[in-house]
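Right, one structure below, let's go through it.
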Amino acid sequence: MEVHEYINDLVAKIAPVVTIDSIVDNGDGTFTLFTCDTFYLRERKTIEIDGEKYVVKSVQKDVSFVIS
């Protein structure tokens with residue numbers, strides 16, 4: 001394996017950790033998750049939480065994000 005292949009493989013395995021402070025069920029199939037760790041989150045991106053995949057609907061920088 002060449003160095004660039006090794007680095008690409010290593011980077012692909014890095015998963016940012018987001019610490020959730022609290023969660024609100026919005027009652028419409030979405031949830032608001034409060035956290036100060038929003039750096040890696042982007043609208044329309046898929047994230048995995050406890051093995052389940054969700055779509056990020058919106059992000060309020062370093063405050064919260066909404067998933068569905």
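The values are calculated or read from the model by the stated rules, or taken from the named source; none is laboratory data. Treat the numbers as computed from the prediction; the structure is a model and nothing was measured. All Cβ positions, even for glycine, are placed from backbone atoms using ideal geometry, and neighbour counts span all protein chains on display. Side chains included, ligands, DNA and RNA excluded: accessible areas come from the protein's heavy atoms. Shrake-Rupley method; radii C 1.70, N 1.55, O 1.52, S 1.80 Å.
Looking only at residues that are under 16 Å from Val59 (Cβ atoms) and either surrounded by 11 or more Cβ atoms within 10 Å (Cβ to Cβ) or among the hydrophobic types (A, V, I, L, M, F, W, C) (or both) in segment 6-20, which one is modelled with the lowest pLDDT? Once the filter is applied, the top-ranked residue is Val18. Restricting attention to segment 29-53 and to residues that are modelled with pLDDT under 95 and assigned to a strand (DSSP E or B), the residue that is most open to solvent (accessible area, probe 1.4 Å) turns out to be Lys53.
What about Val24, is it outside any loop (DSSP other than H, G, I, E, B), open to solvent by 50 Å² or more (accessible area, probe 1.4 Å) and of a type outside the set (Asp, Glu)? Yes.
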